[in-house]
Amino acid sequence: MDSIEIKGGTKLEGEVLISGAKNAALPIMAGALLAPGRSIIRRVPRLRDIFTMLQIFRHLGVRAKFVDEDTLEINASTITDCSAPYELVRKMRASILVLGALMGRMGRALVSLPGGCVIGPRPIDLHLKGLKGLKAQVEMEHGYIKASAPELIGGEIYLGGRFGSSVGATMNLLLAAVKARGTTTIVGAACEPEVIDLARFLNRMGAHVSGAGSPRITIEGSNELHPAEYTIIPDRIEAGTYLIATAISGGAIILRNVRADHLDAVIETLREIGLKITKEEGSITARSGGPLSPVDITTLPYPGFPTDLQAQMMALLCTVPGISVIVEKVYPERFMHLPELNRLGAEISLEGATAVVRGGCRLSGAPVMASDLRASAALVLAGLVAKGKTTVRRVYHLDRGYERMVEKLTALGARIKRIKEDA
Ligand code: EPZ
């Protein structure tokens with residue numbers, strides 16, 4: 001397994017181009033299954049999760065490939081199968097997004113249950129509730145979700161859950177409901193920009209979705225979907241990670257291909273900490289300088305502070321003098337990075353889903369273990385400022401969601417390299 005070695009202490013300077021959003025690309029790829037023919041999806045990041053989705057497509061009999069650096073061509077005419085096996089689903093939970101798309105296209109689906117997850121329990125009850133709300137028959141059999149419907153029928157479906165709305169369940173229901181007979185109303189829908197992006201792509205395919213981005217989405221079902229061309233939104237989590245990297249390294253960078261309006265909570269929090277941020281059309285400039293202040297953060301569904309930046313923000317707050325408090329409201333057990341940050345000299349304690357960070361200590365480099373995608377990014381960020389050498393092991397997690405991170409950080413001046421397993 002490869003690792004990443006970082007020598008801390010350099011300030012990041014320069015420009016970085018933000019990739020297309022993984023979490024928008026995956027559902028949009030699933031959306032392309034809904035109509036026979038050739039869809040073209042642009043700005044797709046070359047990430048491990050995207051390649052896992054392509055493996056699932058191959059299993060389904062769908063032809064899909066990159067036709068240039070970041071353009072994906074998906075030809076869903078040849079779909080023959082309607083199952084997603086455990087060997088693929090266990091690699092990536094987002095595989096479950098093919099459930100709604102297969103129901104919409106084929107009227108049946110057999111998708112493996114995703115199984116355990118390091119960031120805590122991740123039930124799928126809301127995904128199933130959505131499909132049942134369209135009058136599909138849904139059963140569990142041998143570790144698989146088996147769903148079928150002679151015809152999907154629209155209705156009003158409440159999708160609010162214990163931890164707020166569900167991004168994936170909203171997307172799965174959208175993917176099925178666009179082909180259902182009649183009108184579907186999703187109440188308590190997730191409002192994330194990735195949900196809007198999926199709805200826009202589906203409308204480009206001829207669907208009739210309105211209200212995406214609000215908690216109430218209305219879908220008029222249609223049998224007339226066709227392939228479409230689409231460009232994915234910029235990755236707000238990757239952008240947020242580079243903003244936090246600027247603050248932690250004490251540097252100044254410009255982000256290109258970015259949507260500042262998708263980052264309001266993050267920009268507001270970083271300004272409160274002391275980062276100077278200016279927004280322009282398609283770019284954000286961030287500059288550190290001056291004292292940094294501690295903050296209190298609660299992660300929430302969009303437009304709140306995203307859980308996918310909690311770990312990276314924790315790494316930053318370790319270096320900010322004073323006490324910061326982080327409450328994780330989306331995944332209350334998503335704190336695997338905490339003991340690893342403490343190994344670097346941080347002082348963080350945990351009480352339930354609340355982390356108290358006693359910041360301002362000097363981090364010192366050490367070998368650490370990445371446990372999941374965003375935790376890995378947090379450890380790389382901590383390595384940028386830690387004294388000496390930090391080695392982040394198991395970086396395959398990072399490959400799931402950060403396109404060319406080592407190259408991008410190197411171009412910004414970081415002393416970072418990837419160590420191949422056999423080196
Ligand atoms: C998406 O996961 C993202 N993944 C996650 O990013 C992100 O952390 C999450 O949304 C929250 O923003 C993708 O888009 C591929 P949810 P998703 O359903 O859709 C509970 C990353 O690092 N819930 O919105 O799976 C759930 O347990 C990944 O890129 C139910 O109770 O998340 C959680 O507490 C990690 N029942 C809350 O809802 C359900 O049926 C939100 O989860 C489904 C979810």
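Please treat every number below as a calculation from the coordinates, not as lab data. Keep in mind the model is a prediction, meaning the values are calculated, not measured. No Cβ is skipped: glycine too gets one built from the backbone with ideal geometry, and neighbour counts run over all protein chains shown.
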Size of charge dipole - the chain - debye, nearest 20, with Cβ of Lys, Arg +1 and Asp, Glu -1, no other charges: 560
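Work through the residues other than residue 208 whose Cβ is under 11 Å from its Cβ and net out their charges, Lys, Arg +1 and Asp, Glu -1. Before the final figure, lay out the partial values.
Details: positive: none; negative: 220, 224.
So the surrounding residues net to -2.
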Centre separation in Å (Cα based) which lies between region 149-205 and region 1-43: 24
Per-residue ³J(HN,Hα) for region 81-90, Karplus 6.51 cos²θ - 1.76 cosθ + 1.60, θ = phi - 60°, Hz, x for Gly and Pro: 10, 9, 10, 10, x, 4, 4, 8, 5, 5
Kirkwood hydrodynamic radius over Cα pairs of region 22-222, then Stokes diffusion coefficient at 20 °C and 1.002 mPa s, in µm²/s: 131
For region 283-423: relative contact order, % (alpha-carbon pairs under 8 angstrom, 6 or more apart): 20
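In deg cm²/dmol and to the nearest 500, what is the mean residue ellipticity at 222 nm of the chain if only DSSP H runs of at least 4 residues count, each as -39500 (n - 2.57), divided by the residue total? Please list the in-between numbers first.
Working: 14 runs with 132 residues, N = 423.
The per-residue figure over the chain is -9000 deg cm²/dmol.
Between residue 86 and residue 11, what's the calculated FRET efficiency when r is the beta-carbon distance and R0 is 60 Å? Round to 0.05. Please list the in-between numbers first.
Numbers: r = 46 Å, r/R0 = 0.76.
In this case the efficiency is close to 0.85.
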Within-15-Å neighbourhood charge of residue 345 [Cβ basis; K, R +1; D, E -1]: +3
Where the Cα pairs of region 130-245 fall when distances are cut into 5 Å bins, in %: 2, 12, 20, 20, 19, 13, 8, 4, 2, 1, 0
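Can you pull the Rg over Rh of region 217-265, Cα-only, Kirkwood?
Working: Rg = 17.4 Å, Rh = 14.0 Å.
Ratio of gyration radius to Kirkwood radius for region 217-265: 1.24.
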Relative counts (whole %) of C-alpha pair distances in the chain, using bins that are 20 Å wide: 28, 56, 17, 0
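Based only on Cα atoms, what Rg/Rh ratio does region 346-412 have, Rh being taken as Kirkwood's radius?
Details: Rg = 13.1 Å, Rh = 13.1 Å.
Here the Rg-to-Rh quotient is 1.00.
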Residues whose placed amide H lies under 5 Å from that of residue 369, excluding near-sequence neighbours: 393
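Quick one: which of 309-316, 334-341, 56-63 comes out on top by average Cβ neighbours within 10 Å, and what's the full order, highest first? Write down the numbers at each step before the final one.
Numbers: 309-316: 28.0, 334-341: 22.1, 56-63: 18.8.
The peptides rank, most packed first, as 309-316, 334-341, 56-63.
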Residue 142 versus residue 51: modelled label distance in nm, points set 7 Å from Cα along the beta carbon direction: 3.0
Neighbour-count ranking [beta-carbon atoms within 10 angstrom, fewest first] of 281, 238, 268: 281, 268, 238
DSSP beta bridges in region 22-222 [antiparallel fraction, %, rounded to 5]: 80
Derived scalar couplings ³J(HN,Hα) [region 383-395; Karplus, 6.51 cos²θ - 1.76 cosθ + 1.60; whole Hz; x for Gly, Pro]: x, 5, 10, 5, 6, x, 9, 10, 10, 9, 8, 6, 6
Interchain or long-range residues, amide H under 5 Å from residue 229's placed H: 40
Antiparallel DSSP beta bridges within the chain, as percent of all bridges there, nearest 5: 70
Most mobile of 325, 118, 138 in a GNM of the chain (Cα contacts under 10 Å): 118
Paired Rg and Dmax values of region 29-146, which use every Cα atom, in angstrom: 14.3, 41
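Note down the net charge around residue 290, summing +1 for each Lys or Arg and -1 for each Asp or Glu among other residues with Cβ under 15 Å from its Cβ. Present the calculation step by step, with values, prior to reporting the outcome.
Numbers: positive: 11, 271, 276, 287; negative: 272.
In short, +3.
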All-pairs alpha carbon distance profile, region 323-376, 10 Å steps from 0, percent: 24, 54, 21, 0
